Amino acid sequence: MLQIKNLHASIEDKEILKGINLDINPGEVHAIMGPNGSGKSTLSSVIAGKEEFEQTQGEIIFENTEISEMDPEERAHKGIFLSFQYPVEIPGVSVTNFMKTAINAHRKANGLEDMPANEMLKKIREKSESLEIDRKFLSRSLNDGFSGGEKKRNEIFQMAMLEPKLAILDETDSGLDIDALKIVADGVNKLRSKDNAVLLITHYQRLLNYIVPDVVHVMIDGKIVKSGGKELALELEERGYEWVKAEKAV
Amino acid sequence: MELKEKLVSSFLAFEEEYTGSNDDLHKIRNQAIKDFETIGFPNRKQEDYKYTSLKSILKEDYSLFPKQENTLEYKDIKKYFIHEIDTYDLVFIDGIYSSHLSSTTHDKIDVCLMSSALNKDLYKPVIDNYFNKIAPKNGLNSLNTAFTKEGAFIHIHKNTMADKPIQIINFSTGNESSLLVQPRNLIVVDENSHCQIIERHQSLTDQPVLTNSVTEIFADKRAIVDYYKIQNDKLSASLIDNTYIEQKSESFCSVHTFSLGGKLTRNNLNFYQRGERIDSTMKGVTIIEGKQHVDHNTLVHHIEPNCESHQDYKGIFDEKSVGVFNGKVVVEKEAQKTNAYQSNNNVLLNDKATINSKPQLEIFADDVKCSHGCTIGQLDEEALFYLQSRGIPRKEASGLLMYAFANNVLESVKIPEIKKRINKLIALKLGVELGFNL
C-alpha cells in the first residue's frame, strides 16, 4: 500500500529525514518508536504533504502512485489521514460543519454528489456515539477550548468519518488518560480491516497494548535503524533506546 | 477649475434655487460655505489623513446637480435591498428622492425626507434642536451642510419601537458624467425608543461617483439604535461617510460597517457619550483587493462615568489594497469607571497589501479599564495544512479560515437576513462555495 524509498527531507536546509525506507501492506499495523527529535513527526507530516518540509530525495508511493508532488488535499482524497499531535484550533467553524465540508470535498474529488443531509447526520451520530462523544461537542468550534483528550478523540472521530485507507496517528496517545486511551484504541481497531493500514507514531509502548502492531520500527536521527515484531516495543520500553544506538554503532 | 473653486462658485446658484421658508437654514448654509472656503478639503499633512489621500478622487470634474431625473425599475435594483424582510425604504437616485421606490411613514414614527423636514413647520422644533448640532466644523462637514438639500429624516417618538427596519439607499446612475452626491441624514430616537437602520450607497455606473455623506444620530435616554452600513460599491465609486452619534444615559448604539468594495472608502465614525451607563459598539469587517482603500477613523468620547465602548474591526487585504484603522478613545477626567475595549485584527494575503493600524488612547481619568490590541498577520500555515489534510482544497481552506476570522463580528448582527446577506457577500468575495451555514 505504502512504499517509502530512501526518503530525505529538510526544513530550512537542515536535514531531518536521512534515508527512510518503509513498506506497509494492506491490513498491517506498523509502529514507529524513537526518542524525541528523531524525526518521527516529520515523517508523518511529509507523508501527508506538509509544504514546510522539502523532500530532497526519494519516493513516496501510495497505491502504486508516486505522491511526492501532490498537495495535502489530493493525498487525503487518495485515502491518507493524519491524526495530528497538536490539532489546530479553529474558532468560528463547528465540528459538524467542518466534517460536512471535509466529507463533501472528498466526495467531490471522487466525482460524487454532496452527501444528503440526513445521511450525513446519521453517520455523524453513529460515529460520535461509538466514540462516546457528547452531542453538544459537535456544535462547538473545532478544537477551540477542547482539552488535550477531547482534541485527540475528535481526531479519531474525524478518522472514523473519513474512513481512510492509511491512518497515520502521530502521538495520539499523549495526553490521554487510560479510559480515553481505550476509547481511542477501540476506534482505531474498528477501522482495521484487510484493506487498510495504520501507522502509529509513539513514544510509549502503552498504546501498543491496545492496538497491537504487526511491525515495530525504531527511528533514530532520521533513519529507521531497527525493525521487529511487537516484542521489540516491550524491549524498548524496558531498556530504552541506548542499546539500539550502541548496537547500531557496532 | 479645481473642485473647491467650482463648489464655492456654484453655491450662489444653488441658494437662489432654494425657495423654502426656513431662514435659519439659509444662514447655516451661508456660514457653512464660508467655512468650507476657509478650511478646504483635508490633506495628508493633517494627522487624521496621513494614510488616506483624497487627491485622486478630488481631481474629477464632478457634476454637482444632475440635469435630468433618472428613474430605476425595482426589479433591476432589488438585489441591493434587504428585500427578504418588510422594511421602510428611503431611496434616492442621484441625490433626488424616488417616491415610487420608497415606503415612508408618519404613523407613530416619522420616516421621511430631509427636504420636507427642513421646510415644514411641523418639524421645525426637531430641526432647530438637532440639525447640524454635533457634526463639527470641518471641510467635509461644512461642504455637506452648505449643500444640504436631501436625505433621510427619521424621528422615533418617545416609548416607541419602530415596527420594522429602515433602509436608506442612495443610488447613483451618473448617466451624464461623474457625480458628486451629498446626502444629509438626521436620526432622532427619543427616550425608550428603538430602531434599526440599514444604509447603503450604490453606484450603477462606471463613471466616477463621490459621496460625501453626513449623518447625525441622537439617542435619548434608554434608546436603542442599531445601524448597519453595507459598503460594497463599484470600483469607480468612492465614499466619505461622516457619522456622529450623541448618546444620553443608558442608551445603546451599535454601528456595523461592512466594507467590501469601492475605490476609496473613508468612515469617520464618532460617538459622544453624554450621560451615564451608556454602551457604544462599533464593529467592522473589511475585505478588499486590487487597489481599493478603506479607512476606519473612529472616535469615542467618554465624557461621563460608568460607560462602555466596544470596538472590533477585522480586515482582510489582498493584492495592493490598503487599509487604515485609526481608533481614538478619549476618557475625560470625570469619566471614571469607563470600560473601553478596542481590537483591530488584520490579515494580509499579499506582500503588496498594506494596513496602517493606529490605536490612540487619551485617558485623563484614573479609575478606568481601557484595553486595545492590534494584530497583523498572514493565514496560519499550520491551520491551512490541517484543513488540507482533511481533504479540503487550499483555496477553500483559506476561505474557511478567513470566514471564521471575520465571523465573530457578524455574531452581534441582530437582523438574521443581514447576517445571511453579509455571509453570502463574504463567501463571494473570498471565492469559496459555502454549502453550509457556519
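The values are calculated or read from the model by the stated rules, or taken from the named source; none is laboratory data. Just so it is clear, the model here is predicted, and its values are computed rather than measured. As a convention, Cβ positions derive from the backbone with ideal geometry for all residues, glycine included, and neighbour counts pool all protein chains shown.
Residues in segment A:58-93 that are at the interface with chain B (Cβ under 7 Å from one of its Cβ atoms) and farther than 23 Å from A:ALA197 by Cβ were compared, and the one that is farthest from the chain's Cα centre (by Cα) is A:GLY92. Regarding B:LEU186, is this residue part of a loop (DSSP other than H, G, I, E, B) and among the aliphatic types (A, V, I, L, M)? Judged against the criteria, B:LEU186 is not a match. Among the residues in segment A:144-158, are any at the interface with another protein chain (Cβ under 10 Å from one of its Cβ atoms), free of Cβ contacts under 8 Å to residues at least 12 places away in the same chain and closer than 21 Å to B:GLU396 by Cβ? No; the residues of segment A:144-158 include none that is at the interface with another protein chain (Cβ under 10 Å from one of its Cβ atoms), free of Cβ contacts under 8 Å to residues at least 12 places away in the same chain and closer than 21 Å to B:GLU396 by Cβ.
Among the residues here, B:LYS229 qualifies as under 17 Å from B:ILE415 (Cα atoms), touching a residue at least 24 places away in the same chain (Cβ under 8 Å) and not hydrophobic (A, V, I, L, M, F, W, C). When B:ARG222, B:ARG200 are checked against the criterion of being among the basic types (Lys, Arg) and either under 13 Å from the mean Cα position of the chain (by Cα) or not assigned by TED's automatic domain parsing to the domain that holds B:SER53 (or both), B:ARG200 stands alone in meeting it.
Residues are listed down the side, and each one gets a yes or a no for (1) at pLDDT 90 or above; (2) of a type in the set (S, T, N, Q); (3) under 24 Å from the mean Cα position of the chain (by Cα):
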{"site": "B:LYS369", "(1), (2), (3)": "yes, no, no"}
{"site": "B:CYS374", "(1), (2), (3)": "yes, no, yes"}
{"site": "B:GLY377", "(1), (2), (3)": "no, no, no"}
{"site": "B:ALA383", "(1), (2), (3)": "yes, no, no"}
{"site": "B:LEU387", "(1), (2), (3)": "yes, no, no"}
{"site": "B:ILE392", "(1), (2), (3)": "yes, no, no"}
{"site": "B:GLY399", "(1), (2), (3)": "no, no, no"}
{"site": "B:PHE405", "(1), (2), (3)": "no, no, yes"}
{"site": "B:SER412", "(1), (2), (3)": "yes, yes, yes"}
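Just so you know, in segment A:174-232 the residues that are more than 17 Å from the chain's Cα centre (by Cα) and in a loop (DSSP other than H, G, I, E, B) include one that is surrounded by the most Cβ atoms within 10 Å (Cβ to Cβ), and it is A:GLY222.
Residues in segment A:43-57 that are among the β-branched types (Val, Ile, Thr) and more than 13 Å from chain B (Cβ to nearest Cβ): A:THR56 only.
So is B:GLU362 out of contact with any Leu (no Cβ under 7 Å at 6 or more places or on another chain), within 14 Å of chain A (Cβ to nearest Cβ) and not aliphatic (A, V, I, L, M) or not? Here the answer is no, as B:GLU362 does not meet what is asked.
When B:TYR386, B:TYR341 are checked against the criterion of being aromatic (Phe, Trp, Tyr) and either without any contact (Cβ under 8 Å) to a residue 12 or more places away in the chain or within 14 Å of chain A (Cβ to nearest Cβ) (or both), B:TYR386 stands alone in meeting it. Scanning segment A:208-228 for residues that are without any contact (Cβ under 8 Å) to a residue 60 or more places away in the chain and closer than 23 Å to A:GLY187 by Cα turns up A:ASN209, A:TYR210. Filter segment A:30-42 down to the residues that are polar (S, T, N, Q) and more than 14 Å from every other protein chain (Cβ to nearest Cβ), then identify the one that is surrounded by the fewest Cβ atoms within 10 Å (Cβ to Cβ). Going through the qualifying residues, I end up with A:ASN36. The residue of segment B:199-221 that is nearest to B:THR281 (Cα to Cα), among those that are surrounded by 24 or more Cβ atoms within 10 Å (Cβ to Cβ) and in contact with a Lys or Arg (Cβ under 6 Å, 6 or more places away or on another chain), is B:GLU199.
The strands (runs of 3 or more DSSP E) found wholly in segment A:62-171 and carrying at least 2 residues that are at pLDDT 90 or above occupy A:80-83, A:166-170. Consider B:VAL300 carefully, then state whether it is buried (at least 24 other Cβ atoms within 10 Å of the Cβ), aliphatic (A, V, I, L, M) and outside the structural domain of B:SER178 (by TED's automatic domain parsing). Judged against the criteria, B:VAL300 is a match.
Annotation note: of B:LYS395, B:LYS429, B:LYS420, B:LYS424, the sole residue that is buried (at least 17 other Cβ atoms within 10 Å of the Cβ) and of a type outside the set (Val, Ile, Thr) is B:LYS429. Within segment B:262-273, can one find any residue that is of a type in the set (Lys, Arg) and under 12 Å from the mean Cα position of the chain (by Cα)? Among the residues of segment B:262-273, at least one is of a type in the set (Lys, Arg) and under 12 Å from the mean Cα position of the chain (by Cα), which makes the answer yes.
If the condition is being of a type in the set (A, V, I, L, M) and assigned to a strand (DSSP E or B), then segment B:375-425 contributes only B:ILE376.
Within segment A:12-29, residues that are loosely packed, with under 15 Cβ neighbours inside 10 Å have Cβ atoms under 6 Å from residues that are among the acidic types (Asp, Glu) in these pairs: A:PRO26/A:ASP195, counting only partners at least 6 apart in sequence or on another chain.
Would you confirm, using the coordinates I've provided, whether B:ASP128 is within 22 Å of B:PHE218 (Cβ to Cβ) and acidic (Asp, Glu)? Answer is yes for this residue. Just one of the listed residues (B:ILE224, B:ILE187) is buried (at least 22 other Cβ atoms within 10 Å of the Cβ) and at pLDDT 95 or above, and it is B:ILE187. When segment A:65-93 is filtered for residues that are within 13 Å of A:LEU2 (Cβ to Cβ) and of a type in the set (S, T, N, Q), the ones remaining, listed by number, are A:THR65, A:SER68.
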